[in-house]
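To start, the structure under review is shown below, and the notes come after it.
No value in this document is a laboratory result; all are computed from the given coordinates. Please read these numbers as outputs of a predicted model, since none were measured by experiment. Counting neighbours? That spans all protein chains shown, and the Cβs are built from the backbone with ideal geometry, glycine included.
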Amino acid sequence: MMTPAKGDLAFLPLNPEGRRVAGAWDPAKDEADGNQCRAFGAAGIMHLPERLHITWADDRTLEIDTDAGMQKRLLHFDGSKWSGGEPDWQGDSVASWEKQPQVRGFGFPVRLPPSPNAGSLKVVTTHMRPGYLRKNGAPYSGNAVLTEFFDRIELDGEPFLIVTGVVEDPQYLTARFITTEQFKLESDGSKWNPTPCKTAPPTAPPPPSRPAGF
């Protein structure tokens, strides 16, 4: 995967202020200010090429570690842990299981009770430090709310984790920013490669294409 060039804001519902902030992105300044993790915050981290390590921190807290940026996300099933202090990159994440009745049959559907193994893990994250939706400075603010749905599926017998993320940010976005990422289960952790946060170097936009024959 390649980092989008500075100014490449395709498919991002940024308002004029968001585009202005993205256009002023300076990775050297982020490094100097200690903000090299801006693209590794909760609203951006799942978009990066990386591996996840998912474990239970305790009976009510699911922990997701990423090798990209060496981040730790804590998903709390017992409510918010926000104490009113300084926001951090991963924010305050409240998790819950969403069960839905299953529909079965042809013609008139028969609605069955929720299966104990069906449904999604829903996670709502707030109180994040301002960060980037992409590693090219496309911003989200401290007012952003991230809602995610985690679903485990099997494709040809291979387990996959599908993560759908929805970012709402009245400061920089004109609409919800929705993404879907896929992670394949690996047999062991031999490819785990923790690397610290690193800002992307500014890249020039691709040259304009020319008609054939010129």
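I need the calculated FRET efficiency for the pair Trp82 and Ile54, taking r as the beta carbon distance and R₀ as 35 Å, to the nearest 0.05.
The value I calculate is 0.95.
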> Among Lys198, Lys29, which comes first, second and so on when ranked by fewest other beta-carbon atoms within 10 Å?
Replying inline: Lys29, Lys198
>> When a/c reaches 1.5 or more, the comparison of a/b and b/c decides; with that in mind, is the range 1-54 rounded, prolate or oblate per its Cα gyration tensor?
In response: oblate
>> Can you tell me the length gained on complete extension of the stretch Met2 to Arg19, counting 0.36 nm per residue apart and subtracting the Cα distance?
In response: 4.1 nm
> For the residues Met70, Met2, Met46, what sequence is obtained by ranking on other C-beta atoms within 10 Å, fewest first?
Replying inline: Met2, Met70, Met46
> Which value, in debye to the nearest 20, gives the size of the charge dipole of the range 16-186 about its Cα centre, when Lys and Arg are +1 and Asp and Glu are -1 at the Cβ?
Replying inline: 540 debye
> Charges only on Cβ, +1 for Lys and Arg, -1 for Asp and Glu: so what's the dipole of the range 20-83 about the Cα centre, in debye to the nearest 20?
Replying inline: 220 debye
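Between Ile162 and Lys29, what FRET efficiency follows from the Cβ-Cβ distance if R0 is 35 Å, with the result rounded to 0.05?
Once rounded, the FRET efficiency stands at 0.45.
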> Considering the range 16-186, what Rg and Dmax in Å follow from its alpha-carbon atoms?
Replying inline: 17.9, 63
> If you stretched the chain out fully between Thr61 and Thr195, how much longer would it get, using 0.36 nm times the residue separation minus the C-alpha to C-alpha distance?
Replying inline: 45.8 nm
